[in-house]
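Down below is the structure, laid out as structure tokens.
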Amino acid sequence: MTTAALSFDARAAARAWRPPPLIESVWLRYTVYLGALLYLVVGLGSVEVNWVRAAEGLERGARFLAAFFPPDFVTHWFDIQEGILESLTMTVVSTVFGVILSVPFALGAARNIAPLPIYLFCRSVIAISRTFQEVIIAILFVAMFGFGPLAGMITLAFATIGFLGKLLAEDIEDIDPSQAEAVRATGASWFQLLAWGIQPQVLPRFIGLTAYRFDINFRESAVLGLVGAGGIGDTLNSSLDRYEFGTSAAILLIIIAIVLACEYASGWIRRAVQ
Amino acid sequence: MLAIEGLTKRYPTGDLALDNVSLTVPKGQVMALIGPSGAGKSTLIRCVNRLVEPTSGRVVLGETEITQLGDLALRRARRRMGMIFQEYALIERLTVMENVLSGRLGYVGFWRSWFRRFPLADIEEAFRLLHRVGLDHMVDKRADALSGGQRQRVGIVRALMQNPELLLVDEPTASLDPKTSRQIMRLIIELAKERGLSAIINIHDVLLAQQFAERIVGLRAGRIVFDGAPEEMTPEVLTRIYGEEDWSKTIRRDEDEESKDGGPTAVTDALKVVAAQ
């Protein structure tokens, strides 16, 4: 070490050192902190809670919940069974078609393989699909195709394109480019580049997302019935309309069981393909 | 065999990576390309097979002017140039055999490659080469289960599966330990000699370049600043390529020429690498 290194006072430098703050500028930092605090205070102050009404409502809510017991599986078992089967059919069909259709959109929406015009087109389709909640799309398709599961299936397939297209495209953009480069260097064609340079890298995530989307599609199919797009939601809706809360409870329990089963299965699949 | 004339590459960012580079590599010659990081070594070999499009200049392989080719003809031409990569660039989730067979992608159609129905002769050649590099017992292992040296050997076999005339080798040893580096370099040279291939090897390690190459080309800021035999490497030459530094320990001495892989030599090699840095 030279004398220059000896005369350097590391201890003083260590004392003076502070970990870097989240926001560099002092002025901006305290403005943000103060602003957040002010917003919280004003926000809490503006909430009007009618405690008397809430107390009455609690009891009413309790009575509403009590009406769900005991769950009644028997009286409308045939309707329930039909609704569940319809929902499962909608889920399977919409997932299969949605996944098949989402692959080209995902490829087109990945900036590292698609030219700009195709990229912009695919990104817009995905953005439209993601902008609107399933229920809103379902209302449109019910108006177009009439009441029933067809409208529901088209809705779910369309929503699947947005979901899977976006997430898969992002995974394609995140691939290790050197593997794709090595495939190109062998003289492979564009389709071979997809099949060898990209598909092996994104396959586990693709399978995992498909399983996850299946799960979402089943849950959504229960909601879509409320706007007349078929499935178990229809059955649930009519039981609520007829004040047959026992049947509603039975339907809800079955939905919970199926969702849990789907979730467990998709978790298992995702672990298995790693 | 390979002729590069006035090759220039300017990236969209404005960086001039290659500045009017001209170079001829005769058949069967192993050439090392050295130079500091960012000198344009990687760009140069990627311009040869047009993974990077050159801005201007010509690349001619045998009778084919690579820089003139359309898509299909370029893919045909790429089959004649095997490439070996720094981080191996194997398809991690596929097996050793699939990786090796991917070297034949330029020769088989899409559906055959999709269903892995490669011609029997290709699979036979794959086994022969894997046996040659000592990996024939690992054909069905996944590439990500291999060690660095094993992966690079798979990378070498993949390049040779193309039945190339030219090897483009990009920092083959940068991720390997000194002993494995020497083994990999020796393997590349041996295989190139056996098959009469020309090779361009980008390499950081000056000692390795001297030890294994017949010719050394020094690149600095996109221009060739040295082109000669390994024996001509002097501290002055290294200063010309890399800039001012104490190079006295970096130049190979004659007694080192006989050194073979082994415990003590590997250690001294390692020490020299450290000294070089």
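The values are calculated or read from the model by the stated rules, or taken from the named source; none is laboratory data. Computed from a prediction, not measured in an experiment: that's the story for all the values here. In this analysis, Cβ positions are derived from the backbone assuming ideal geometry, glycine residues included, and neighbour counts consider all displayed protein chains. Heavy atoms of the whole protein, side chains included, go into the accessibility calculation; ligands, DNA and RNA do not. Shrake-Rupley method; radii C 1.70, N 1.55, O 1.52, S 1.80 Å.
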Q) Based on the Cβ-Cβ distance of A:Val259 and A:Ser46, what FRET efficiency does E = 1/(1 + (r/R0)^6) give at R0 = 51 Å, to the nearest 0.05? A) 0.90
Q. Using a 1.4 Å probe on the protein chains only, how many percent of the accessible area of chain A belongs to carbon and sulfur?
A. 71 percent
**Q.** Sorted peptide list for A:113-121, A:152-160, criterion being average Cβ within 10 angstrom, highest first
**A.** A:152-160, A:113-121
Q: Quote the charge dipole size of chain A about the Cα centre in Debye, to the nearest 20; the model charges only the Cβ of Lys and Arg (+1) and of Asp and Glu (-1).
A: 960 debye
Q | the protein assembly as shown - share of DSSP beta bridges that are antiparallel (%, nearest 5) | A | 55 percent
Q.
So for chain B, if I pair up every lysine 8 or more residues apart or on another chain, how many of those pairs have alpha-carbons under 22 Å apart?
A. 11
Q) In degrees from 0 to 90, rounded to the nearest 10, what is the angle of the helix A:77-108 Cα long axis to the longest principal axis of chain A? A) 30 degrees
Q) Can you give the average number of partner chain beta-carbon atoms within 10 Å of each beta-carbon in peptide B:76-85, as a whole number? A) 3
Q.
Which residues belonging to the range A:161-209 lose at least 40 Å² of 1.4 Å-probe accessible area when the assembly is complete, relative to their chain isolated?
A. A:Gln179, A:Glu181, A:Ala182, A:Arg184, A:Ala185, A:Thr186, A:Gly187, A:Gln192, A:Ala195, A:Trp196, A:Pro200
**Q.** Accessible surface, per residue, of the range A:74-272 when the full set of protein chains is kept, probe 1.4 Å, Å²
**A.** 45 Å²
(Q) Give me the percent of accessible area attributable to carbon and sulfur for the range B:89-163, probe 1.4 angstrom. (A) 54 percent
Q. How big is the B-A contact in terms of buried accessible area, both chains counted, 1.4 Å probe, rounded to the nearest 100 Å²?
A. 2100 Å²
**Q.** chain A: relative contact order in percent, alpha carbon pairs under 8 Å with at least 6 residues between
**A.** 25 percent
Q: Could you tell me whether chain B comes out rounded, prolate or oblate from its Cα gyration tensor? Rule is a ≥ b ≥ c as square roots of the eigenvalues, rounded for a/c under 1.5, then prolate if a/b exceeds b/c, otherwise oblate.
A: oblate
**Q.** Listing of the range B:143-159 residues, each with accessible area lower by at least 10 Å² in the full protein assembly than in the chain alone (probe 1.4 Å)
**A.** B:Arg158
Q. Tell me, what is the percent relative contact order of chain B, built from C-alpha pairs under 8 Å that lie six or more residues apart?
A. 25 percent
Q. PRE reach from B:Asp136 (point 7 Å along Cα→Cβ): which of the range B:109-125 fall under 13 Å by backbone N?
A. B:124-125
Q | Qualifying chymotrypsin sites (Phe, Trp or Tyr not before Pro) in the range A:218-274, DSSP loop, other Cβ atoms within 10 Å at most 14 | A | A:Tyr243
Q: Just report the Cα centroid separation between the range A:95-138 and the range B:42-91, whole Å.
A: 34 Å
(Q) Can you compute the charge dipole magnitude of the protein assembly as shown about its Cα centre, using +1 on each Lys and Arg Cβ and -1 on each Asp and Glu Cβ, nothing else charged? Give it in debye, rounded to the nearest 20. (A) 520 debye
Q. Which of the residues in the range B:46-69 lose at least 50 Å² of accessible area when you go from the chain alone to all protein chains together (probe 1.4 Å)?
A. B:Leu51
Q: Run the dipole for chain B about the Cα centre, Lys and Arg Cβ at +1, Asp and Glu Cβ at -1, nothing else charged, and hand back the magnitude in debye, nearest 20.
A: 1140 debye
**Q.** Per residue accessible area of the range B:130-243, 1.4 Å probe, in Å²
**A.** 36 Å²
